[in-house]
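Presented below is the structure to which this report refers.
Laboratory data are not the source of any read-out in this text; all were calculated from the coordinates shown. Because the structure is predicted, anything quoted here is derived from the model rather than measured. Glycine gets a Cβ as well: all are built from the backbone with ideal geometry, and neighbour counts include every protein chain shown.
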Amino acid sequence: MAPSHTAHVLVASNRGPVSYEVQENGELTAKRGGGGLVSGLSAIGPEADALWVCSALSDGDREAVAQGVGEDGVRMLAIPADVHADAYNGVANSVLWFVHHLLYQTPLEPVFDAEFRRQWASYETYNRAFAEALAEEAAEGAAVLVQDYHLCLVPGMLRELRPDLRISHFSHTPWAPVDYFRMLPDDIAAQLLRGMLGADRLGFLTRRWADAFTACATAFAGGLGDTQVGVHGLGADADFLRERSHAADVEERIVGLREEIGAGRKTVVRVDRTELSKNIVRGLLAYRRLLESRPEWRERVVHVAFAYPSRQDLAVYRDYTAEVQRVADEINEAFGTPGWTPVVLHVKDDFARSLAAYRLADVALVNPIRDGMNLVAKEVPVVSDEGCALVLSREAGAYEELGEDAITVNPYDVEQTAAALHEALTLPPHDRAERAKRLAAAATALPPAQWFLDQLNALKALDA
Ligand code: G6P
């Protein structure tokens, strides 16, 4: 696609709305993704001349770029694979993800050596590729909405190239507290903050993460300067979920899942990408503790755990995936009987089956160590047929909106989580239904389209 200088609304993110696969016959097939940004952008309509700039991630994506194949409104950047790997794996999903989610523990702590400096240089190159593409595509005075920790340097770089643009950056993650953020090398911490403060407006999912950013900017960058900070909580897409969860493929998965669960049993459901912040292992240990301490639940409950592999290029994510599998197997060996599998673990990503599990859920378990928002906590109450109970970590962003009607847990406290599972499984039906109704209402208060438009309008209003 030739540089256009015509787009009036631009979104930049590492992962884009579409991905390509090379079929055996060599043909390229496109698969569209979902999520808040996709429905948000569709809400502004095609006439707004919107463009989404993203990375080519798969072999198919790179082939599509090489062949000049693409969808209108999407520009994929074929960043050299080694540069992307350093930026995405080495910097973003190792160091930055771990810092914002407080995931370091001995012996995982970072070592900022020459190898890291090399990866950091790639992170800069990768961010510059985005800034240059956005500068080429944006019309005079356009609004540019940059997403997430992969692209922290883009606002500052783009501001230098195109001072006419209105630029925002949105963090979908938590933000680290000052004493944790200062783990980063001083110059890199300053560069990250300066990059983001190049934006006119910064968005966060909760007040807690916004305040943490402001504290870091105050401690390490002399304050926010002219940059505005806003909070935009993202809600579940009720209309989409209610319709999609009754489609034929979901009904089919329900039949299969019911067979795996067995008749008359309660279900505790969790659905996550498999990574350390989701705290899947402690969730399994809590379920194990429930079976140990309250034998009356044996044969009467099944933990349906979907843990979809994520970022498998990194050993720490692969090891965690293996650990989840190991602990689930151990529970099944220790407690399982010929007619009862206590943990039904699936690792192959299947959205229809996730929705089927949501529909069957009596209890949803969402216990992250720390999470920007966690949309599963918001989706299950909307979709569950009988209105589920929610066991929710107080460290998830969603807790600010759902905490009152959820059963709260400290994510590190396995004993407490086991007790919370028991409480959730035994909530009186009327109480459970009433809570589920209020949870669903709170969860859908800010649909993705509104979330996106609010940010866009706030950005445009800045120079009104
Ligand atoms: C988090 C991030 C997103 C990211 C998603 C999936 O939610 O905030 O930016 O796209 O995880 O991770 P992945 O590395 O597969 O894109």
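General remarks:
- Each residue of segment 32-91 gets 101 Å³ once the volume of the Cα convex hull is shared out per residue.
- In degrees, nearest ten, helix 315-335 long axis to first principal axis of the chain (Cα): 10
- Placing unit charges on the Cβ atoms only, positive for Lys and Arg and negative for Asp and Glu, gives segment 236-442 a dipole magnitude near 200 debye about its Cα centre.
- Equivalent-ellipsoid semi-axes for segment 236-442 (Cα gyration tensor, √(5λ), whole Å, largest first): 22, 20, 19.
- A Cβ-based charge dipole, computed about the Cα centre of the chain with Lys and Arg at +1 and Asp and Glu at -1, lands at about 920 debye.
- Selection from HIS422, ALA210, PRO338, by position along the positive dipole direction of the chain (Cβ): HIS422
- Percentage relative contact order, the chain, counting C-alpha pairs under 8 Å, at least six apart: 15
- Principal-axis analysis of the Cα atoms of the chain puts helix 207-221 at an angle of about 40° to the longest axis.
- The C-alpha atoms of the chain define a longest principal axis, and helix 280-293 lies at about 10 degrees to it.
- Counting only DSSP H runs of at least 4 residues, each contributing -39500 (n - 2.57), and dividing by the residue count of the chain, the helix-based mean residue ellipticity at 222 nm comes to -13500 deg cm²/dmol.
- Calculated SAXS-style log₁₀ I(q)/I(0) at q = 0.08, 0.09 Å⁻¹ - the chain, Debye, Cα scatterers: -0.48, -0.61
- Distance between the C-alpha centres of segment 397-464 and segment 131-157: 31 Å, rounded to the whole angstrom.
- Distance between segment 170-187 and segment 324-346 - C-alpha centres, whole angstrom: 38
- Simple spin-label estimate for ARG208 and ASP59 gives 4.2 nm between the two label positions (7 Å along the Cα-to-Cβ direction from each Cα).
- Cα centroid separation - segment 254-322 against segment 42-120, whole Å: 29
- Placing unit charges on the Cβ atoms only, positive for Lys and Arg and negative for Asp and Glu, gives segment 274-333 a dipole magnitude near 220 debye about its Cα centre.
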